[in-house]
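We did not get these values from a lab; they are worked out from the coordinates using the rules stated. Every value quoted in this text rests on a predicted model; they were computed, and no experiment measured them. No Cβ is skipped: glycine too gets one built from the backbone with ideal geometry, and neighbour counts run over all protein chains shown.
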Amino acid sequence: MVSVCFVTNELYPLKPGGIGRLMYNFAIDNLEAPTPADLHYLLPADARGEADAIRDAYTGLATVHFCSDELSSLGEFGQYLRQLGESGDPDVPRSSNLDEHFLKSLKYYSGLLAAQATAGFDFDIIEFPDFGGWAVAAQAAKKAGLAFKNSVISVRLHSTFGLITLAERYYHRPSLWLSAIWDMERISLQDADLVVGHLESIADYNARAYRFPQTWRSRVITEFPPITIDEPTGGSVRMAARRPAQDFVFSSRLQPFKRPDTFIRAAVRMLRDDPACPSLFHVASYGWDQTYIQWLESLVPVDLRLRIRFHPTLTQDERAQLLRRSIVVIPSIYESLCLFAYESAMVGSKVILNRECAAFGSGPRWQDGVNCLMFDGNYVHLAEVMKNALTWTASGLVDATPDVPYWESHETAAAIASTAVAEPSRLAVLCYGFSTLAEVNRQLLRVADRPVGRSSVDPTYHAIVPRALLKEASGAARLPVVAGFQLHPIDSWEVTADDIDAVLGQMTAEVVAFSPVDMLVDPIFIETAWKALDADPALAAVTSHTLMTGDDLDTTPLKARLYAGGLLTAAAATTRVCHRASIFRRDAIKRVGLLMDGGDRWYEDLCARMVDTGCRFLCLPAAPVREKAVRPHSRISDELYFSTRANDLGLQLELPYPLGSLSHTLPGDFRMGDAPIPEIRPYRTVGVKSWPHANFARSEITSSKGTDRDRYRDIKVRVGDLRIKNRGWDSVQFKLAVFNNLPEISLREQSDIIFDSWPPSRSDQWGHLVEYCPRVQEGKGQTIAEALLELSLEDRSRLGSLVRALPTIVKAAEPIKGIDQGAWVHAAEALREHWERDGWE
Amino acid sequence: MENQITFGADRDVSVAHEDPAFDGVLHIFDSHWHGIRSATGCLPGRKLGISHKKHLDGGELRHIEGLIYKWGIHTICYQGYSNTADELVGIIHESLGSEIRQFCITHVTATQFENHFEMHMLGKMAARLRENKLRRLGSVKPGFSSVCPVFWGGTIVNLPPVLKRSVKPLRSLDTVLIPLENSWRKNLYTNVLAADAVPEVARILLVNQPSFLDEVSQSMKLRIIGFQTPSVLLGYMASSALVMNVTLAECQPMSQLEALAVGTPCLTGPLGLRGFSDHPLGRLTEVAVLDNPGEIAPKIATLMRLWQSDPKELAEMIADFKEKRTAAGIASYREFLDI
């Protein structure tokens, strides 16, 4: 019987939410499978409070495990992690963001080890969700051969925090905390043995968003999950179901990417257009951000409050009844599947979906007019579709037949089998940093005492030693011979990048382990890391976490220090990429190059640039290395180091960070430069007096192109050069930039154009445009071209950008109803003519 | 951490000799008594550290009994004695019976009796011997049965630490290391003055400050390196030409054996250990008159010159000494423990 352990923080029926429901569905579906799997669920420690209730609910279905905050399965390291979790690492404040995420991942790793110990066997399949990058520690343990050797670690595409925040621009303040999550999510997807998606369109979406290569896409299994329907209690539903539904309900979570505001605005519009409309509009859900919810409530005009109602605290039954007598509206801009849509359609509700959402508009399952109705993403259109929905009836059912789950098929076995072991590489251990003979000898004694070795392969040992020490030892110019070590004299007390480079150049070994004198390395670390490098040619380096001691490495450690390995964020904002006793592929160092201008920070500089250029790192979820808590003083201050690094990366950011998401520096995506980021707040205006985004269009938008290191060079793309990839929310920045000119001029004159909220939503802007252009046409008898020209004359410097942007505007305007396509093309031509003739720029 | 019991800690097993005959032997030592701990660390057999500062609680006792069962321990050898050890002797005898053979070795000399604790402990050991809970009492001080007649007539011989591979360190041939505390018994001032008087010595490394010595002698050779952990100290021993441990009273100093392990000779007082005091190396390194720098300095000079003239001979002497010492040490333990 195949055993599967799902790592999850939601589990139906104890928490609402699609993922918990999905987990439950697997358990129910498994009962009827021809060969049922042995299912396990691992929940975080904070779910222990409900342990009994959860275990009761899953009796006979699955075994439920809980993580422990004790981290006892990680031994001594766990003990120090526990302290770290309680107190943080006050020495390095910037790192605490990384620590928080890593700790979570390490807790799940520890929980899995404990769950396996309880079960008495290793799980065949361990499935993590994609959000939070929780899989990172367990994946590293597997890669390093520390655990899960016979397990497939899969990652299921629910929705990464990264993708959600892309769909919620202006809602999240860019920060190190955020970008660390994004990076970890990216790495967990990249390193997954298998990726499980529900829809092809969403798998493609992930591949594009993270710029994964084709090989990644081929590791994605797409399978449709089982969907189960709760039978409602009480008879009122059946009664209500007899008459056609005339009410509308929004019942996704109150969160920006679910677009509850679009639903509310459409409701307002529908009621304004047809005050006699008998429908009620229900917002039946909950959320976490009270400010946001207040803002949503403020979108409902006072006189419509009885018609548009909020129900934050419905019971399951009440909600089910409401859903069954209403038309279900799901305006989400992003979903990875949306069980709720399928569940609603399967119980016979009419469903209205957002065509712009890849899970709805791009897939084969939802057919506009057949099993659902779709709207184009803006509330104006949604209002129309909702009106049509009252008289529409579905002519077909949505296909929700579940596929056979992947753990029942043979592909999992194939994924396990990909662990070919190559010939062992040669290893060189490079020691440096000596200031006394005793330190040299101590290192030598360590090597003699506990040599590193793998069967037939012995490493060579190199020591870079100041010549002054060698003279003290030999008393003459002749180089003393030290058994086991090849000595490399240098003429200063400080080791430079060039010294290291010269020694690396003399080596023949493929793998080099640094061993500076102020680090105490357990030979087991070197052996494990060495094997891991041999097993995975894609790895450039292997590191681990460390334990910090006081002045002497032999004394009892004080606390744990976490390292990030190949996280872009860590490389940009911290010095925690790799501890100084990490192990590298020698040619990877050669390729990136050691730079003298890194000064005494040559090692940090090397590691950071390796991450920049896409080298892959493995960070063992263990602490087999000790280092002194106090870092040696550097001539290059932290501030100078980080500023220079930020400059290298093209980050125009001031310390302390916020960092943008480096994981999403994709062509066609762009990050804001240093523009202030407005927070969504409850603020209602009547008439718009000025446009606070003025500095957005003024600043050029930083984008990114190319690969590897060039990716981060400051490539600036002018507004007019931007291309809109799809009709999604991405394009809003572009529109903001262009529109920046238009309303600023026109709205002062046309003060009757009212935004229901501030800042105006994307739908509002389009709504405004739809209204504005015909009015110009009718009122003044102008063509659109003349209107645009007049607008741009106010600020000629914008005209060039506007003209270059016109083809895109035309394309983007295609789906908008009420605009004459021909007029747009004419406008484009007329503007171009003016521009070419007068050469305004 | 300090007061917990530790079984098979890295520092207690990494330099130990291996001998399958000792697989069922458990050495129980006190984690806070560094010299005894170092000596125990070199012995074959299993190692358990306890603390004289803390009584063992029920959980710890059960853990110890579990270890005895798990590792098939048939012989327990207490290295040094404390109230904690005394309790443990009784408890193990009660719960596991006389099948578990218990022995004890003392590491004191009669000169240390001014610390009365030592005599209280010797009294307790003798009492346990009378009760037949301890089978035999041994000592690393030659002729200790002349101090306490109930002790075994032979001498337990300490073993030098083992390094898994031979090491040829980087050695500064004009440096002397004196890793001594500044106390009456340890004789720090005499050692420093003796080394200072030898022209071949350019550098004297000290762990402790010879306070106020500058009022009588303005040596430019002194370097205070401060207290060092065992592994760092071993590095300093390897870097020096000579280690000095000329103290007023001693059993079998571990500093000497550690220095020899890294190929460095060590000056000591007369140790009276048969076969070693009269070994060529013993004759070179044992000093007869302990309180006169003028008597010690010539010994230092001889050794410093030997490093220059015939380092190979010195290395061979040290190797031979270590080999004989190891053989004698193992033999003494086998005889004492009847294994």
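Amide H contacts of A:LEU42: A:PHE6, A:VAL7, A:THR8, A:HIS65, each under 5 Å away and 5 or more positions distant or on a separate chain (H built 1.01 Å from N in the peptide plane; Pro and chain starts excluded).
Largest mean-square fluctuation among B:GLY272, B:GLY294, B:GLY97, in a Gaussian network model of chain B whose springs join Cα atoms under 10 Å apart, belongs to B:GLY97. With R₀ set to 51 Å, the beta-carbon distance separating B:GLN112 from A:ARG635 gives a calculated FRET efficiency near 0.45. Mark the label point 7 Å from the Cα of A:GLN290 along Cα→Cβ and return the residues of the range A:308-327 whose backbone N is within less than 16 Å of it. It comes to A:312-313, nothing else. Taking a ≥ b ≥ c as the square roots of the eigenvalues of the Cα gyration tensor, the range A:323-370 is prolate, since a/c reaches 1.5 or more and a/b is larger than b/c. Centre-to-centre, using Cα atoms only, the range B:113-137 and the range A:1-79 are separated by 59 Å. The label-point distance for B:ASP23 and B:ARG274, in a model that sets each label 7 Å from Cα toward Cβ, rounds to 3.3 nm. Note: relative contact order over chain B, using C-alpha pairs below 8 Å and six or more positions apart, is 15 percent. Placing a pseudo-label 7 Å from each Cα along the Cα-to-Cβ vector at A:LEU280 and A:THR315 gives an inter-label distance of 1.8 nm. Exposure proxy shown here: for A:ASP46, A:ASP638, the number of other Cβ atoms within 10 Å sets the order, fewest to most, as A:ASP46, A:ASP638. Between amide H atoms placed 1.01 Å from N, distances below 5 Å from A:THR549 occur with A:LEU558, A:GLU627, A:LYS628, A:ALA629, all of them 5 or more places distant or on a separate chain. Centroid-to-centroid, using Cα positions, the range A:140-206 and the range B:9-45 are 50 Å apart. The ranking of A:TYR379, A:TYR286 by Cβ neighbour count inside 10 Å, starting from the fewest, reads A:TYR286, A:TYR379. Using the Karplus relation 6.51 cos²θ - 1.76 cosθ + 1.60 with θ = phi - 60°, the per-residue 3J(HN,Hα) values for the range B:62-72 come to 5, 4, 5, 4, x, 5, 4, 5, 4, 8, x Hz, with x marking Gly and Pro.
Classify the range B:268-339 as rounded, prolate or oblate, taking a ≥ b ≥ c as the square roots of the eigenvalues of its Cα gyration tensor: rounded when a/c is under 1.5, otherwise prolate if a/b is larger than b/c and oblate if not. Oblate, since a/c reaches 1.5 and b/c is not below a/b. Rounded to 0.05, the FRET efficiency of the A:ASP230 and A:ALA535 pair, given R0 = 51 Å and the Cβ-Cβ distance, is 0.60.
With each label modelled as a point 7 angstrom along the Cα→C-beta vector, the B:SER183-B:GLN218 pair spans 3.4 nm.
Taking 22 Å as the limit for the C-alpha separation, the pairs B:LYS221/B:LYS299; B:LYS53/B:LYS141; B:LYS53/B:LYS124; A:LYS104/A:LYS143; B:LYS47/B:LYS186 exceed it in the case of B:LYS53/B:LYS141; B:LYS47/B:LYS186. In a shell of Cβ-Cβ distance under 12 Å around B:TRP184, excluding B:TRP184 itself, what net charge do Lys and Arg (+1) and Asp and Glu (-1) give? It works out to a net charge of -1.
Restricting the range B:218-280 to chymotrypsin sites (Phe, Trp or Tyr not before Pro) that sit in a DSSP loop and have at most 12 other Cβ atoms within 10 Å of their own Cβ leaves B:PHE227. In order along the range B:140-147, the phi-based Karplus estimate (6.51 cos²θ - 1.76 cosθ + 1.60, θ = phi - 60°) of 3J(HN,Hα) comes to 8, 8, x, x, 5, 5, 6, 8 Hz; Gly and Pro are listed as x. Ranked by how many other Cβ atoms sit within 10 Å of their own Cβ, fewest first, the residues A:TRP182, A:TRP530 fall in the order A:TRP530, A:TRP182.
Within the set of other residues whose C-beta is less than 11 Å from the C-beta of A:TYR432, count the net charge using Lys and Arg as +1 and Asp and Glu as -1. Taking every other residue near A:TYR432 into account, the sum is -3. Near B:TYR78, the amide H atoms lying under 5 Å from its own belong to B:ILE28, B:PHE103, B:CYS104, B:ILE105; only residues 5 or more places off or on other chains count, and H is placed 1.01 Å from N. By how many degrees, between 0 and 90 and to the nearest 10, does the Cα long axis of helix B:311-337 differ from the longest principal axis of chain B? Once rounded, the angle reads 20 degrees. Charged neighbours of A:PRO36, selected by a Cβ distance under 11 Å, balance to -4 (K, R count +1; D, E count -1). Decide, for the range A:489-604, between rounded, prolate and oblate: order the square roots of the alpha carbon gyration tensor eigenvalues as a ≥ b ≥ c, take rounded if a/c falls under 1.5, and otherwise choose prolate if a/b is larger than b/c, else oblate. Rounded is the answer for the range A:489-604, as its axis ratio a/c remains below 1.5. Measuring r between the beta carbons of A:ARG173 and A:GLN506 and using R0 = 56 Å, the FRET efficiency lands at 0.65.
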